[in-house]
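Remarks on the structure that follows.
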Ligand code: SF4
Ligand code: MG
């Protein structure tokens, strides 16, 4: 039984012009101790899918799924009280902006203590010991001093370490990290990723890392979900994905990696942007930006072919880096 088992997840928001499907048809099955990545540009619905899983979206969001289970418990059937016990305890999440996730009015110690009190309990002294332990575990020097610090007295990297300490304070079995390094300096980014991977290994928790950066995926994940405009466009293990991307969007993301771009002066970027609520094209949502798009792509929305384990959302999935698309015949690759 998978630890997190989600099938056919959809999230719709009511807008003045009707329902907007921010996420549609996302499947993710994470086993105990696995490291997954959800990758895509901003606007791909990565955060929304995971916030929906955590039950953290505002009530105006309509969340539906064919299946949504954590450790065999149907999340959709739980009362909000039961759900709160899981969220923040067995399943926890960290976000991009550590500074805005911490409360500026309370010390680091008070905020960690509050988490532990809510989910684990224990005496004041036990909780204090646990907090010191956690700060040491996430690599904060001099925990006895830092525990009394206020968020503004810490750097972005230190604040993210505190957020991680809070997220693991209740020994979660699943940690979701939403762009945890995007707001940080490059040198600090690597340290935070290393920390997350070390904690994952030490504790055996499962980790889902949300990122827009294929470089981060390469260094961390074993399994990858690629999302575009709220749709899951392919799902593969990291080696196969890098060797044989099946979806043209994945191929485009990969070709923007510095090591793949070769010694061109400028990194190739994917022309255009992810379509928003008002400019979704007909047919395949990626068609305005796809180098292989045909008339058929502009008219008919693709569905994954039966028997495709990557569940590629494309009329012409790439095979060993070659597109069988009629439009692609003669396209130099
Ligand atoms: Fe490109 Fe067509 Fe595949 Fe969409 S369906 S990704 S437009 S080839
Ligand atoms: Mg996001």
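Computed from the coordinates by the stated procedures, all read-outs in this text should not be read as laboratory data. None of these values were measured; they are calculated from a predicted model. Here the Cβ is made from the backbone with ideal geometry for all residues, glycine too, and neighbour counts use every protein chain on show.
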> Based on the Kirkwood radius over alpha-carbon pairs, what value in µm²/s does the Stokes-Einstein equation return for the translational diffusion coefficient of region 113-231 at 10 °C and 1.306 mPa s?
Replying inline: 103
> Between residue 305 and residue 182, what is the spin-label point distance in nm, taking each point 7 Å from the Cα along the Cα→C-beta axis?
Replying inline: 3.3
> How big is the chain in terms of Cα radius of gyration and Dmax, in angstroms?
Replying inline: 21.1, 71
> How much FRET efficiency would the formula 1/(1 + (r/R0)^6) give for residue 31 and residue 73, where r is the Cβ-Cβ distance and R0 is 22 Å, rounded to 0.05?
Replying inline: 0.85
> If R0 is 45 Å, what FRET efficiency do you get for residue 42 and residue 85 from their C-beta distance, rounded to 0.05?
Replying inline: 0.90
> What is the percent of Cα-Cα separations in region 84-136 that go past 13 Å?
Replying inline: 64
> When each pair of different Cα atoms in region 11-91 is counted once in the 1/r mean, what is the Kirkwood radius in angstroms, to one decimal?
Replying inline: 13.9
> When the label point is put 7 Å from the Cα of residue 260 along its Cα-to-beta-carbon vector, which residues of region 273-305 have a backbone N closer than 19 Å?
Replying inline: 273-274, 286-293
>> Order these by the 10 Å Cβ neighbour count, fewest first: 81, 289.
In response: 81, 289
> If all Cα-Cα distances of region 1-156 are sorted into 10 Å bins from 0 onward, what percent lands in each bin, rounded to whole numbers?
Replying inline: 9, 31, 30, 23, 6, 0
> Expressed as an acute angle from 0 to 90° and rounded to the nearest 10, what is the orientation of the C-alpha long axis of helix 124-137 relative to the principal long axis of the chain?
Replying inline: 40
>> Let's test the formula: R0 of 51 Å, r as the Cβ-Cβ distance of residue 153 and residue 17. What FRET efficiency results, to the nearest 0.05?
In response: 0.65
>> How far apart, in nanometres, would the label points at residue 100 and residue 123 be if each is projected 7 angstrom from Cα along the Cα-to-Cβ direction?
In response: 4.2
>> Taking the number of other C-beta atoms within 10 Å as the exposure measure, put 53, 107 in order starting with the fewest.
In response: 107, 53
>> From the C-alpha coordinates alone, can you work out the Kirkwood hydrodynamic radius of region 100-169, in Å?
In response: 11.7
>> Counting other beta carbons within 10 Å of each residue's own, what order do 59, 36 fall into, fewest first?
In response: 59, 36
